[in-house]
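Engineer: Here it is: the structure, laid out below.
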Amino acid sequence: MATPSAPPIPDELDRLLRRMRLPYLRKAAPDVLATARAQRWDPAEVLKVLITEEVVGRDAATRRL
């Protein structure tokens, strides 16, 4: 059985994340937000996880260069 995918982030949020050039955060956001909603995370935890995804992604991209 396939795991259901998380719903996409709202268009306005997607546009803002693109404008701010946060590709790794934008990619992780649907799954993180779905998990946060299901597990009733504190908003600070959501931000921490999303920002960590961006930092890890950027660090990996820098190492690839």
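The values are calculated or read from the model by the stated rules, or taken from the named source; none is laboratory data. Owing to the predicted nature of the structure, the values given are computational and were not obtained by experimental measurement. All Cβ positions, glycine included, derive from the backbone under ideal geometry; neighbour counts span all protein chains shown. SASA here: full protein model, heavy atoms, side chains in, ligands and nucleic acids out. Shrake-Rupley method; radii C 1.70, N 1.55, O 1.52, S 1.80 Å.
Engineer: What does the accessible area of residue 48 come to, in Å² to the nearest 10, when a probe of 1.4 Å is used?
Structural biologist: Using a 1.4 Å probe on the heavy atoms, I get roughly 120 Å².
Engineer: Here is a further query. Quick one: dipole size for the chain, taken about the Cα centre, charges +1 on Lys/Arg Cβ and -1 on Asp/Glu Cβ, in debye to the nearest 20.
Structural biologist: Value, rounded to 20: 280 debye.
Engineer: Using only Cα atoms and rounding to the nearest 10 degrees, what angle (0 to 90) does helix 43-64 make with the longest principal axis of the chain?
Structural biologist: 30 degrees
Engineer: If the chain between residue 51 and residue 63 were fully stretched, how many nm would it gain, using 0.36 nm times the residue separation less the Cα-Cα distance? Walk me through the numbers before you get to the answer.
Structural biologist: Working: separation 12, 0.36 × 12 = 4.32 nm, distance 1.85 nm.
Full extension of this stretch gives 2.5 nm more.
Engineer: Could you sort 58, 37, 18 by accessible area so the largest value comes first, with the probe set to 1.4 Å?
Structural biologist: 37, 18, 58
Engineer: Among 65, 50, 32, which residue has its Cα positioned farthest towards the positive end of the charge dipole of the chain, with +1 placed on the Cβ of Lys and Arg, -1 on the Cβ of Asp and Glu, and the dipole taken about the Cα centre?
Structural biologist: Projecting each Cα onto the dipole axis, the largest value belongs to 65.
Engineer: Against the longest principal axis of the chain, how steep is helix 23-39, in degrees 0 to 90 to the nearest 10, with axes from Cα atoms?
Structural biologist: The angle comes out at about 20 degrees.
Engineer: Identify which of the listed values of Rg and Dmax of the Cα atoms in Å was calculated from the structure shown: [x] 15.7, 51; [y] 12.8, 38; [z] 11.5, 40.
Structural biologist: Checking each listed value against the structure points to [y].
Engineer: Follow-up question, since we're still on this one. Just the accessible area for residue 35, please: 1.4 Å probe, Å², rounded to the nearest 10?
Structural biologist: About 50 Å², ignoring ligands and nucleic acids.
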